[in-house]
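**Student:** Structure provided below as structure tokens; questions to follow.
The values are calculated or read from the model by the stated rules, or taken from the named source; none is laboratory data. This is a predicted model, so every value here is computed, not measured. Quick reminder, even Gly has a Cβ in these numbers, built from the backbone with ideal geometry, and neighbours come from all protein chains shown. Just the protein is used for accessible areas: all its heavy atoms, side chains included, with ligands, DNA and RNA removed. Shrake-Rupley method; radii C 1.70, N 1.55, O 1.52, S 1.80 Å.
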Amino acid sequence: MTDVDVLDVSGVAIAYRDTGRSDRVPVVLVHGMGGDAGTWDRFAAALTVAGRRVISVDLRGHGRSAHTADYSFDSFGSDIAAVIDHLGLDSVDLVGHSLGGYAVSVVAQERPDLVRSLVLEEMPIPIRPGDAPPNLAGRMPSFTELLHAGTSVVRHPRAVFAFDRSMTKTALAQFRRANALWWDNLPKIAAPTLVLRGGPGGMVDLRRLDLMAREIQECTVVPFDSGHSIHRDKYRDFEAAVLPFLMRDRSGERGL
């Protein structure tokens, strides 16, 4: 088991794991709502075998990180940036699933010089002013998702029991609220961006996805025949798409 480090971010304890080689451009992995860093264990192992340093973060209210009264979406992004700064990193690859995708997108907007590559997996895309609120409750989980959910207590008990369920109401309210600033800042993302979307069981609005992809300077969208958790339910396909993207042009990186 890899040791867990804890960073105090404005009074909130944020846990993270730092594994792999001394890589000047580490990969930062950020899970979705209700999970923890353990969801990335299989992919983190593949990255370390490929010679990458991997930092897996527990979002506030998840895993070994502290519960708090503030679950504003931007605070999740600030926590990720704080961990990166604490480790003295000047270039990173960011990978985020769902809520974690939103968190890393904010970092890429606010710190474009910091982010070498960006991967957004099944990120519920914020609505724009004038858009109808999304019907998140209307999404039906796939059979595979139901199967994984039924065994999650056994496989990842810490994630299940550590999750602060008080954030759910706040999170849903934020997903349903227009986020003009996020849309205004999309063109600031300078990193090549890989967007992964699931099939009918996913949470990505295709119309907003098309608009988002047009706003990001360099964006590739890859569809999957899966539900919301591609890295879990279609792992081999996920790795086949994401690992080469993160390993490209390695000879040009600083410190290698």
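**Student:** Condition first: open to solvent by 20 Å² or more (accessible area, probe 1.4 Å) and aliphatic (A, V, I, L, M). Now tell me which residues in segment 226-251 satisfy that.
**Tutor:** Passing the criteria: 240, 241, 243, 247.
**Student:** Would you tally the residues in segment 1-51 being on the phi > 0 side of the Ramachandran plot, in contact with a Lys or Arg (Cβ under 8 Å, 6 or more places away or on another chain) and either in a strand (DSSP E or B) or open to solvent by 20 Å² or more (accessible area, probe 1.4 Å) (or both)?
**Tutor:** Residues meeting the conditions: 1.
**Student:** Here's a check for you: in segment 52-74, which residue that is open to solvent by 10 Å² or more (accessible area, probe 1.4 Å) and free of Cβ contacts under 8 Å to residues at least 40 places away in the same chain is nearest to residue 162 (Cα to Cα)?
**Tutor:** Checking each candidate, the answer is 69.
**Student:** If a residue must be more than 14 Å from residue 243 (Cβ to Cβ) and at pLDDT 95 or above, how many such residues does segment 26-36 contain?
**Tutor:** Taking segment 26-36 and keeping what is more than 14 Å from residue 243 (Cβ to Cβ), we get 26, 28, 30-36.
From what's left, at pLDDT 95 or above: 26, 28, 30-31.
The total comes to 4.
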